[in-house]
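Values quoted throughout were computed directly from the atomic coordinates according to the rules given, and no laboratory measurement underlies them. The model shown is predicted, which means the values in this text are computed figures rather than measured ones. Here the Cβ positions follow ideal geometry from the backbone for every residue, glycine too, while neighbour counts run over all protein chains shown.
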Amino acid sequence: MFATFALMVVLVVFPLVGIWLTWVVNAFQGTMTTFDWSLGDKGQVLPTRGLLFLSGPVAFLLAFHLLRFVTALLGSGGEAGVAIPMTASVGLSAASAWVVKFYGATFAIWLALADHGPHERYWPFASVIALGIASWWLVKSEFLYGFKAKPSQLRVRAQNDAGEVAVPEVARVIVPKITFKDIHGNTDLKKRLLSAGHAITAPRAEGVKPRNGILLGGDPGNGKTVLAEALAGELKLPFLTLTHSDVASQWVGERTVRIKAAFDQAIRNQPCMLFIDEIDSFLPSRGDSAGQNKEDSDVVNSLLTLLVDVRRHRVVIVAATNYMDRLDGAAIREGRFDFKIEVSPPDQDARVGLLQSGIKAHTPKAQVSPDVLRSVALRWNGFSVKRILAVTEEMPSYLADKVGAGGRTEPLTFDDFMNALRRIQGQRGAKPENVKSLSEMVFPDFTRNALAMIASRLADPVRVERLGGSLPTGVLFFGPPGTGKTAACKALAKEVGWTFLIATGADLARDSKALEKLYTKAKELRPALIFIDEADELLRSREYSQNTEATNKLLTLMEGVNDRVRDVLWVAATNNPDQIDPALLRGGRFTEKVEFVRPSGTQLVAHLTQWLAHRKVAMAQDLSVEELVQLMGDQSIANAEAICQHAVNRAISQTDGDQIVISRGDVDVAIQTVLGDRG
């Protein structure tokens, strides 16, 4: 291959360069009015010779590309050479620019000093400009002279002298368009990133191992890619991005080749930043062998080696993942990624800035006060960047529907933002339906007052906090079974318009991951109420419990890792409050408690009278509701309703008409069936 290349240089390049140099030498010998081959003896421009002169740079560049094309074909017998872009070689690009500049300078001198009339200057001057524009376009657009072929369509690859497979450039190169000034808030995070960037790019001291590798972790949608590009902008470095789709291939072994090609590309472009997005798809844990094959292991091993080798060069490595726990253990150690930075959800200043910019972009004519934006941002702590921006994108559609229904759109209110939020959340967390209101339920005064106090604060949290109040993080419902704890929680969620999520304590105690999934769902569907029914197993004191992991997880979630998430209320129902872990009853957890007791005889009579009236059934003449309550004894609302329902069902089964009358016998059978033998 080297012999072929040398032969092409001798036969093509040298003659062209020689002709070009001859023109230049002749131009400056003797008089400046005579250009052999290009100009007439009186300085006038001869078009044929002038075109030959002007074609010098283009011929020069085409010759080099012809060399590379033919060499690739001869070396591989295939079509790989046709896919080599003009700017694949940094040296060739520099040579192209130098040739254009030199020719421009030559013509500038000639135009200034040659002896010819002004009317003879226009076409060569215009030709120089056209030549410059054409050359710039070729370099800028990576024009391939009509031989472009997609890398995925190539079946044969050219080989270099080392026998390695030659592939097109893999990573996408951009000039960063943003810096940290363009990103709202998150000052501490930006300082940490910039400090890591400066530590990597600082001059290297003698004998000190270079540091490199910034690993960005955190939940999706919080702008890890944008932060990486902004860091490149701050460091004034080219930004190369690499995703798994850039290296995916149907050919065995090609993923490894393309990953190495991306690192080689970064080294050629140094100093630069190479950003690897979703690096967990490149470096899955080798301990999880299920679903992995030999090529997956080869990719991991190759990338681990490249991450170490690249430290010799001026390439800043930045990677992002949403699943830090899925990465191979060898990948996240120091020596590959020295800086591990958690990209948390946007802070208060960032949320305000995102809301402002989003409203300005999507509803520029809408008016919104700074106080409303601050209130919304305060409630939406923990929301991702994408979620906040999605609300502003939904706002035009929401406002259009609001106007169509006869509502006003200006200025935007807190409720407008919450309603737009509900629209993008969809129906994943429906509010309870077919549930009695709190006012319709039978409770003693102390229970009713406690529930009303909670409901009033949840209904208007902005006013409550503005006046110095607070919303509960957790509420404990305790009391005997069947006293209406579940029904009360559903009624509470319906009354304040919060999403209602329910799970049992036994299910959550067996799987702490289920607890975290439930909490994640609640964060996304805020404002939300999480009801843990029969929570004894989850809340039991850790001294006597076998599910301490789940209890610890609940404590962590309620406390908040970085910042307690607003508008997520935990409600736990238990029959045994004395067995609850003391840590769960401290301030900031299940601080507020609501006691549920069995109703008094008078309350039960009132409730059953209303219950029977809704079902349009009558009592036998020898039976009253008061007697019915006496027959039941001291029962909960749930048991009393179950007895009445069974009596109604028995009465219906014993008549063919529509007039249903409950007899004393129906009640006796119902009591025996529901309560069993009480003797």
Task: Entries in Lys224/Lys523; Lys209/Lys513; Lys485/Lys553; Lys365/Lys490; Lys224/Lys294; Lys294/Lys517 that, when Cα-Cα distance is taken, lie over 29 Å - done: Lys209/Lys513; Lys365/Lys490; Lys224/Lys294; Lys294/Lys517
Task: Charged-residue dipole, Cβ positions (Lys, Arg, Asp, Glu), the stretch 348-424 about Cα centre, Debye nearest 20 - done: 140 debye
Open item on the list: Can you tally the net charge around Pro210? Count Lys and Arg as +1, Asp and Glu as -1, for every other residue whose Cβ sits under 14 Å from the Cβ of Pro210.
Closed with: +3
TODO: Within the set of other residues whose C-beta is less than 15 Å from the C-beta of Gly474, count the net charge using Lys and Arg as +1 and Asp and Glu as -1.
DONE: +3
Task: Potential lengthening between Glu433 and Lys593 on full extension [0.36 nm per residue; Cα-Cα distance subtracted] - done: 55.1 nm
TODO: Using per-residue counts of other Cβ atoms within 10 Å, averaged over each peptide, order 373-386, 246-259 from highest down.
DONE: 373-386, 246-259
Open item on the list: I need the calculated FRET efficiency for the pair Gln579 and Ser456, taking r as the beta carbon distance and R₀ as 30 Å, to the nearest 0.05.
Closed with: 0.45
- [ ] Taking the dipole about the Cα centre of the stretch 438-595, with the C-beta of Lys and Arg at +1 and of Asp and Glu at -1, give me whichever of Ser541, Leu515, Gln579 is farthest to the positive side.
- [x] Leu515
Open item on the list: Nothing charged except the Cβ atoms of Lys and Arg (+1) and of Asp and Glu (-1): what's the magnitude of the dipole of the stretch 508-665 about its Cα centre? Round to the nearest 20 debye.
Closed with: 520 debye
- [ ] Distance from a point 7 Å along Cα→Cβ of Val661 to each backbone N in the stretch 609-640: keep the residues under 12 Å and list them by number.
- [x] 618-623
Task: For peptides 317-329, 577-589, sequence by mean Cβ density within 10 Å, most packed first - done: 317-329, 577-589
- [ ] Could you line up Ile424, Ile643 from fewest to most neighbouring Cβ atoms inside 10 Å?
- [x] Ile424, Ile643
- [ ] Work out the length of the dipole vector of the stretch 469-547 about its Cα centre, built from +1 on the beta-carbon of each Lys and Arg and -1 on the beta-carbon of each Asp and Glu, and round it to the nearest 20 debye.
- [x] 240 debye
Open item on the list: Using the basic label-point model (7 angstrom from Cα toward the beta carbon), what is the Thr520 to Asn419 distance in nanometres?
Closed with: 3.2 nm
- [ ] Taking 7 Å along the Cα-to-C-beta vector as the label spot, tell me the Thr225-Glu641 distance in nanometres, rounded to one decimal.
- [x] 5.0 nm
Open item on the list: Quick check: the distance between the Cα centres of the stretch 506-542 and the stretch 461-476, to the nearest angstrom?
Closed with: 22 Å
- [ ] With a 10 Å radius around each residue's Cβ, average the other Cβ atoms per peptide and rank 389-401, 273-285, highest first.
- [x] 273-285, 389-401
